[in-house]
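Reviewing the structure listed below.
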Amino acid sequence: MFIIFNSMNIIKYPSLLAIVLVVSCSCNSKKKSVVVWSKNFPVLGSESSPRTEDINKDGTLDVIMGAGKNEFQESDMGIVAFDGKTGEVIWKQSAPDQVFGSATFCDVTGDGVGDVFIGGRSPQLKAIDGSSGKLLWEYHADKFKNDSIIKYARYNFNNSVIIPDQNGDGINDLLTVNGGNALANPYETKNRFPGVLMIFDTKSGKQEASLDTCGDADDVFFDGHRHRIYVSCGEGVIDVLAASGNGYRAIADIPTVTGARTSLFAPALDRLYLGVRATPTQPAAIWVLRPQP
């Protein structure tokens, strides 16, 4: 199902939240980078990758990202939208814990601006009006505490992807995964519960479908060309699911390395990149996997 194509050393990076917009220009045939604006927030950190959308309709892409303080600490800047021209805060949303996921966009309010879907710890999954920053809906784990599968979706909501309409309302839906346990000790397995793959109605937040997947799930990606879903898990597995009727079914488990949960699927390159932590005998690496066929 995958071919490991290559590997390389991985570079570590700090997580202090500092937003810098840099553009390149050509002057006398020489390219130069120019700092347009810079914003620093000393009490905040972020593992959320910035995403862009023109939310104020001024013709310039704005920056939306998650942030937070230490784990389990509330912040009034859990989700922040920055003006792409000036760096000023357009709107912000408070959060009870770190929002480390990256924003996904889908216009569900019909105003021509992508609305924001983003997740994090405790568990947090929120839909936010892209224009105003108003909360549209959020996930409540208590509603599903007696469900045999969804009761495990009480930890971290990681990155989400937009998938084709599943319920016939004419609006694309949201695919995401919940997993991990911040209170579990490193390399501990007894408190690492199954990850839960979930599909949500983007407009209402109604949970449409769920499927348990590999343990300590982190990132999830939709391969539109093959109609597959890839889920990377700290258990040491990449789960591969394929469309089947109105849902999905597991078709392969790709062995990786315990703790290798962070990944990125690049459709344009047709590659899945997986971060692999160092071991006593092997250095940290990035695996590059090519889907088959």
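Applying 1/(1 + (r/R0)^6) with R0 = 22 Å to the Cβ-Cβ distance of Lys190 and Ser148, what FRET efficiency is obtained, to the nearest 0.05? Please list the in-between numbers first.
On the way: r = 20 Å, r/R0 = 0.89.
Here the calculated transfer efficiency is 0.65.
Listed by chain and number, the lysines placed with their C-alpha closer than 18 angstrom to that of Lys39 are Lys69, Lys85, Lys92; residues fewer than eight positions away on the same chain are left out. The apolar share of the surface of the chain, taken as the fraction of accessible area on carbon and sulfur atoms (1.4 Å probe, ligands and nucleic acids excluded), comes to 51 percent. The relative contact order of segment 135-293 comes to 14 percent, based on Cα pairs under 8 Å that sit 6 or more residues apart.
How large is the accessible surface per residue of segment 139-293, computed with a 1.4 Å probe and reported in Å² as a whole number? Intermediate results must be reported in sequence, preceding the final value.
On the way: 7320 Å² over 155 residues.
That works out to 47 Å² for each residue.
The calculated FRET efficiency for the pair Asn167 and Gln282, based on their C-beta separation and a Förster distance of 41 Å, comes to about 0.35. If exposed trypsin sites (Lys or Arg not before Pro) are those in a DSSP loop with at most 10 other Cβ within 10 Å, what is the longest stretch of the chain that has none? Longest run free of exposed loop sites: 13-144.
When the chain is described by a simple charge dipole with +1 on each Lys and Arg Cβ and -1 on each Asp and Glu Cβ, the residue from Val108, Ala182, Gly245 located farthest towards its positive end is Ala182.
Projecting the Cα positions of Gln166, Ile79, Ser132 onto the charge dipole of the chain (unit charges on Cβ atoms of Lys, Arg, Asp and Glu, taken about the Cα centre) puts Ile79 furthest along the positive direction.
How would you classify segment 131-246 from its alpha-carbon gyration tensor, with a ≥ b ≥ c the square roots of the eigenvalues: rounded for a/c under 1.5, else prolate if a/b is greater than b/c, otherwise oblate? Oblate, since a/c reaches 1.5 and b/c is not below a/b.
Based on alpha-carbon positions alone, could you give the equivalent ellipsoid semi-axes of the chain from the gyration tensor, as √(5λ), descending, whole Å?
On the way: eigenvalues 168, 119, 85 Å².
Equivalent ellipsoid of the chain: 29, 24, 21 Å, largest first.
Computed about the Cα centre, the dipole magnitude for segment 177-263 is approximately 160 debye when only Lys and Arg (+1) and Asp and Glu (-1) carry charge, each at its Cβ.
Please report, in debye to the nearest 20, how large the charge dipole of the chain is about its Cα centre when each Lys and Arg carries +1 at its beta carbon and each Asp and Glu carries -1 there. Write out the running numbers ahead of the final one.
On the way: 28 positive and 33 negative charges, 180 e Å.
Using only the charged Cβ atoms, the result is roughly 860 debye.
Computed over the chain with a Gaussian network model linking Cα atoms closer than 10 Å, the most mobile of Val220, Val34, Val43 is Val34. Shown in residue order for segment 87-93 are the 3J(HN,Hα) couplings computed by the Karplus curve 6.51 cos²θ - 1.76 cosθ + 1.60 at θ = phi - 60°: x, 5, 6, 7, 7, 8, 10 Hz (x for Gly and Pro). For segment 90-229, a simple Cβ point-charge model (Lys and Arg +1, Asp and Glu -1, everything else neutral) yields a dipole of about 420 debye relative to the Cα centre. Residue order by solvent-accessible surface for Glu74, Glu53, Glu88 is Glu74, Glu88, Glu53, largest first, with ligands and nucleic acids left out and a 1.4 Å probe.
Nearest 0.05, what FRET efficiency do Glu88 and Lys31 give at R0 = 25 Å with Cβ-Cβ as r? The partial results should precede the final answer.
Working: r = 28 Å, r/R0 = 1.11.
Efficiency for this residue pair is about 0.35.
The values are calculated or read from the model by the stated rules, or taken from the named source; none is laboratory data. Here the structure is a predicted model, which means the values were calculated and not measured. Using ideal geometry, Cβ is built from the backbone for each residue, glycine included, and neighbour counts are taken over all protein chains shown. Only protein heavy atoms, including side chains, enter the accessible area calculation; ligands, DNA and RNA are left aside. Shrake-Rupley method; radii C 1.70, N 1.55, O 1.52, S 1.80 Å.
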